[in-house]
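S.K.: The structure that follows is given in the form of structure tokens.
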2 protein chains.
Amino acid sequence: MSIDKDLLDNLRLELRRGTLVLSVLSRMNTPKYGYALVQSLQELGVSIEPNTLYPLLRRLESQGLLESRWETDGAKPRKYYHRTSNGNEIYDVLLEEWQQMVKAMTHITEEVSP
Amino acid sequence: MSIDKDLLDNLRLELRRGTLVLSVLSRMNTPKYGYALVQSLQELGVSIEPNTLYPLLRRLESQGLLESRWETDGAKPRKYYHRTSNGNEIYDVLLEEWQQMVKAMTHITEEVSP
DNA sequence: GACAATAGTGTGTGACGCACAGTATATTGT
DNA sequence: ACAATATACTGTGCGTCACACACTATTGTC
């Protein structure tokens, strides 16, 4: 029986929810702009489309975790984002949550069911 | 500045999506019924409400990953679930996905941003 | 001038954890 | 005997977000 690709893609997508926020916030201790962030996340093993990242950056800004400023000096205008102090706090707590979850998941998937 | 609890709860919930499927599937190599599963997941560090677990079990069955049968011998009728062969395959692949994700997340959150 | 790369915005959809509401029966406590 | 609690389950709607689709604009390369 072959695996249902649609179902697998769907489950994979559900696993990604939430972790993208953590990935992005982890990079934003120093200012970065969207296009370069796509590249550097890719290099670090987190594949994300521009169409997903730009709205995410804007949402995190509206939620008060990031703030932005335009750099228009160069050839192309770029919107730089960085974490706010609130974003720093939320990031720290979320990272802890993630680590607890990983421990729990490691424990439960290694425990043999009776 | 105090942390926005609502936002944190929301982000925490997003992190949970997907992992509950993995948690539940990990337990279903041997048949189990809903109420006991809530208890045993709780003991293994995965807190889940019955109102969340029962619909999840039914959804996984409709997706072909679990199948069920009623046990009506005892004092109370119980619906036992266990993984299908398709569910076994999906579980193995999803577990691998999760482990890749954990590695990527560990890498990216430990990497100091320039 | 055509095409690719760079850099961004706007909008709608599908899926799921959750909350709320509910049913039914057995067991325990008074 | 009756109330409270525990056990065991079903039904339904909502909020949220990663994604897909569509789009704009300018620079760089050939």
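The values are calculated or read from the model by the stated rules, or taken from the named source; none is laboratory data. Worth saying up front: this structure is predicted, and the values here are computed from it rather than measured. No Cβ is skipped: glycine too gets one built from the backbone with ideal geometry, and neighbour counts run over all protein chains shown. Note: accessible area is taken over every heavy atom of the protein model, side chains too, but ligands, DNA and RNA are not part of it. Shrake-Rupley method; radii C 1.70, N 1.55, O 1.52, S 1.80 Å.
S.K.: Roughly how big is chain B's charge dipole about its Cα centre, with Cβ charges of +1 (Lys, Arg) and -1 (Asp, Glu), in debye to the nearest 20?
M.R.: Using only the charged Cβ atoms, the result is roughly 520 debye.
S.K.: Could you run the numbers on buried accessible area between A and B, total for both chains, 1.4 angstrom probe, in Å² to the nearest 100?
M.R.: Roughly 4700 Å².
S.K.: What is the mean number of Cβ atoms from other protein chains located within 10 Å of the Cβ atom of each residue in peptide B:97-106, rounded to a whole number?
M.R.: 6
S.K.: OK, next. Over the Cα atoms of segment A:23-110, what is the Rg over Rh ratio if Rh follows Kirkwood?
M.R.: Reported Rg/Rh (Cα atoms, Kirkwood Rh): 1.05.
S.K.: Could you count how many Lys pairs in the protein assembly as shown have their Cα atoms under 29 Å apart, skipping same-chain pairs fewer than 8 positions apart?
M.R.: Taking the protein assembly as shown as the scope, the lysine pair count is 15.
S.K.: Give me a comma-separated list of calculated 3J(HN,Hα) values for segment B:67-81, in order, Karplus coefficients 6.51, -1.76, 1.60 applied at θ = phi - 60°, integers in Hz, x for any Gly or Pro.
M.R.: Using θ = phi - 60°, the values come out as 9, 10, 8, 7, 10, 10, 5, x, 4, 10, x, 10, 9, 8, 10 Hz.
S.K.: In nm, one decimal, shortest first: how far is the label point of A:Gln100 (7 Å from Cα along Cα to beta carbon) from the matching points in the other copies?
M.R.: 2.9
S.K.: Specify the residue with the greatest mean-square fluctuation among A:Val38, A:Val24, A:Val93, computed from a Gaussian network of chain A linking alpha-carbon atoms under 10 Å apart.
M.R.: Highest fluctuation among the options: A:Val93.
S.K.: Further, regarding this structure: Ordered by residue, what ³J(HN,Hα) values in Hz, to whole numbers, does segment B:87-103 give under the Karplus form 6.51 cos²θ - 1.76 cosθ + 1.60, where θ = phi - 60° and Gly and Pro are x?
M.R.: For segment B:87-103, the Karplus-derived couplings read x, 4, 5, 4, 4, 4, 5, 5, 4, 4, 4, 4, 5, 5, 5, 5, 4 Hz, x marking Gly and Pro.
S.K.: Using the Karplus equation 6.51 cos²θ - 1.76 cosθ + 1.60 (θ = phi - 60°), what ³J(HN,Hα) coupling, rounded to whole Hz, does each residue of segment B:26-36 give in order, writing x for Gly and Pro?
M.R.: 5, 8, 9, 5, 10, x, 8, 10, x, 4, 5
S.K.: Specify the angular offset, from 0 to 90 degrees and rounded to the nearest 10, of the alpha carbon long axis of helix A:5-16 from the longest principal axis of the alpha carbons in chain A.
M.R.: Roughly 60 degrees, rounded to the nearest 10.
S.K.: What average count of beta carbons from other chains do you get within 10 Å of the Cβ of residues in B:4-17?
M.R.: Mean shielding count: 5.
S.K.: For a quick check: with amide H placed at 1.01 Å from N, whose amide H comes under 5 Å from B:Tyr33's, ignoring anything fewer than 5 positions away on the same chain?
M.R.: Result for B:Tyr33 returns B:Tyr81.
S.K.: Follow-up. Looking at chain B as a GNM with Cα springs under 10 Å, which of B:Ala75, B:Ala104, B:Ala36 has the largest mean-square fluctuation?
M.R.: Top of the fluctuation ranking is B:Ala75.
S.K.: On to the next question. Go ahead and estimate [θ] at 222 nm for chain B from helices alone: -39,500 (n - 2.57) per DSSP H run with n ≥ 4, summed, over the residue count, rounded to 500.
M.R.: Rounded to the nearest 500, the figure is -20000 deg cm²/dmol.
S.K.: Next up: Identify, among A:Asn86, B:Leu37, A:Tyr54, the residue whose Cα sits farthest towards the positive end of the charge dipole of the protein assembly as shown, taking +1 on the Cβ of Lys and Arg and -1 on the Cβ of Asp and Glu, with the dipole about the Cα centre.
M.R.: A:Tyr54
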